[in-house]
1. For region 12-100, build the charge dipole from Cβ charges (+1 Lys, Arg; -1 Asp, Glu) around the Cα centre, then report which of Gly39, Leu91, Val76 sits farthest towards its positive end.
2. Within a 10 angstrom radius of the beta carbon, how do Ile61, Ile22 rank from fewest other beta carbons to most?
3. Treating the beta-carbon of each Lys and Arg as +1 and of each Asp and Glu as -1, no other charges, what is the dipole magnitude of region 12-100 about its Cα centre, to the nearest 20 debye?
4. Under a cut-off of 14 Å between alpha-carbon atoms, report the aspartates and glutamates in cross-link reach of Lys71, not counting same-chain residues fewer than 8 places apart.
5. Let me know the shape class of region 12-100, please: from the alpha-carbon gyration tensor, a ≥ b ≥ c as square roots of the eigenvalues, rounded when a/c is under 1.5, otherwise prolate if a/b is greater than b/c, or oblate.
6. Hey, quick one: spin label on Ile34, modelled 7 Å out along Cα-Cβ, who in region 73-92 has an amide N within reach, i.e. under 16 Å?
Amino acid sequence: MGNVVSAKEMPEMEITVRYFTIIRNITGTREEKIDAEEGSTVEEVLKTLGARYGKEFERYITSGRDHKGMKLLFFVDGHNIEGSDGFKTILRSGNTLAIMPPVAGG
């Protein structure tokens, strides 16, 4: 008989997620700390949050990625993820992910 090796659990990390405007209304909070697997991407965290907050959250995030030229803004520790690896940006323990509506100027 062969040896059975159990899968080693991935270490967890804690990140802070900040919500603004409509997304804050959907989640019912301004900010929360969540646990995620070490090395999770922004995309993976958004999927986890979608499972937690449901279809309204998922629709808002999905449509806000590129809706008629107006995109939601995603920042990790104050840096727009578009300047790095986008939704594949890897998060680290202690990071803050902020989800913000587009900002219009005039």
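1. Val76
2. Working: Ile61 19, Ile22 13.
Going from least to most buried by this count: Ile22, Ile61.
3. Charge dipole of region 12-100: 500 debye, to the nearest 20.
4. Glu82
5. oblate
6. In region 73-92, the label zone of Ile34 (backbone N under 16 Å from the point 7 Å along Cα→Cβ) covers 73-77, 87-92.
Read the figures in this text as sums done on the coordinates, not as results from a lab. A quick note: this is a predicted structure, and the numbers were derived from the prediction, not measured. Because the Cβ atoms are built from the backbone with ideal geometry, glycine has one as well, and the counts that use them run over all protein chains shown.
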